[in-house]
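This report concerns only the one structure given below.
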Amino acid sequence: MQRRKRCKEVYLVGVATATKRSGGTTAAGPRPGPGRDFGAWFLVLPALLPILVLSVGPLLYGIALAFTDSQSGRTQPTQWVGTLNFQDLLHDTLFWDSFRIGLLWAVGVTVPQFLLALGLALLLNQKLRFRWLARALAIIPWAMPEVVVGIMWRLVYNPDAGILNETIRDLGLGDGRDWLTGLATALPAVILVGIWAGMPQTTVALLAGLQNTPHELHEAAALDGAGAWRRFRTVTWPALRPVALAITALNFIWNFNSFALVYVLTNGGPGGRTRLPMLFAYEEAFRYGQFGYAAAMGCVMVAVISVLLALYLVGRLKGDQDR
């Protein structure tokens, strides 16, 4: 006991001596100074600079543009108009119709997409023959650009030689119809394409969450006599819920901001039945040259997305605190 006490005293004396010789620093190393902070910022700068130039800069410029009367081909200088664009936007029924269509599109794509992807992920998580092939085939739509997906599905929906109408005729169910130009069928047809195109990323995220669930919990629940539904409800879903909430929130935001897929399929038609908010803003800016008014639309959409993100983050924080 006395030997251990002497060793501790010798160690404390040595630490004190080393601290005096090093000018107040301990064995843990010198305190970070301004030079070290500058070095850290210098290392982060290559990744931060593209974000500032390509994302933050255009966002701030677009917000400023929303308070001006900027137009294409205008000879007079751009003037500051304050909130005039936003006041006009409040009374623009076409924009609010597009906003309603955008919500229908986002919900109509996100909810079925999640349910189908969940079922596919549960299937691909089983020990099946040729599971590797099924997983490879499931992510094919993810590897295709949205423009290519849109062109391919336009061929599928072709009223004269499309595979869908040909199948309907072969089965004797009718002569088919023009799916993308019908007022009643255009939006459901586009929603179906959105579900097909976005399923792979949702499936991959949910499959990763399933594989992180401890297999021992399933075995213990099975030994206790729990059926498949009870095991999913008590074991699988609690472990999968954080991933499910995250991918659903991101999918809703991505779908609400969709542009390329719908633009290629219908260009917002027929009669504006598939004109999403992003398409409406694009037309105002690049077809009619109303840059300030289109920027105001962009600000409204950014505000809506920010509110959705805030609600999602608050929900996640509350969930983490409850745990």
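The values are calculated or read from the model by the stated rules, or taken from the named source; none is laboratory data. No experiment lies behind these values; they were computed from the predicted model shown. A quick note on method: Cβ atoms are made from the backbone with ideal geometry, for glycine too, and the neighbour counts reach across all protein chains shown. These accessible areas exclude ligands, DNA and RNA; they are computed on the full protein's heavy atoms, side chains included. Shrake-Rupley method; radii C 1.70, N 1.55, O 1.52, S 1.80 Å.
Figures for the structure shown
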| read-out | value |
| --- | --- |
| Some residue of the range 70-92 being among the aromatic types (F, W, Y) and open to solvent by less than 30 Å² (accessible area, probe 1.4 Å) | no |
| Residue selected from the range 198-233 under the condition of a type in the set (S, T, N, Q) and surrounded by 14 or more Cβ atoms within 10 Å (Cβ to Cβ), by the criterion farthest from L122 (Cα to Cα) | Q201 |
| E219 among the acidic types (D, E) and either touching an Asp or Glu at 6+ places or on another chain (Cβ under 8 Å) or closer than 25 Å to A134 by Cβ (or both) | yes |
| Residue in the range 302-316 that is at pLDDT below 90, more than 20 Å from the chain's Cα centre (by Cα), of a type in the set (S, T, N, Q) and surrounded by fewer than 14 Cβ atoms within 10 Å (Cβ to Cβ) present | no |
| Test: residue in the range 280-290 that is outside any loop (DSSP other than H, G, I, E, B), under 23 Å from I63 (Cα atoms), free of Cβ contacts under 8 Å to residues at least 60 places away in the same chain and open to solvent by 60 Å² or more (accessible area, probe 1.4 Å) | yes |
| Any hit, the range 60-68, residues being of a type outside the set (S, T, N, Q), touching a residue at least 60 places away in the same chain (Cβ under 8 Å), at positive phi and out of contact with any Pro (no Cβ under 7 Å at 6 or more places or on another chain) | no |
| Tally, over the range 109-151, of residues that are surrounded by fewer than 19 Cβ atoms within 10 Å (Cβ to Cβ), of a type in the set (G, A, S) and either within 17 Å of the chain's Cα centre (by Cα) or more than 22 Å from Q211 (Cα to Cα) (or both) | 1 |
| Members of the range 208-229 that are of a type in the set (G, A, S) and under 21 Å from L245 (Cβ atoms) | A208, G209 |
| Those residues of the range 258-272 which are open to solvent by 50 Å² or more (accessible area, probe 1.4 Å) and among the polar types (S, T, N, Q), in sequence order | N267 |
| Qualifying residue in the range 292-311 (condition: part of a loop (DSSP other than H, G, I, E, B) and touching a residue at least 12 places away in the same chain (Cβ under 8 Å)) | no |
| Checking R275 against (1) modelled with pLDDT of 90 or more; (2) open to solvent by 60 Å² or more (accessible area, probe 1.4 Å); (3) outside any helix (DSSP H, G or I), the condition it does not meet | (2) |
| Within the range 242-272, tally of residues that are in a helix (DSSP H, G or I) and without any contact (Cβ under 8 Å) to a residue 24 or more places away in the chain | 1 |
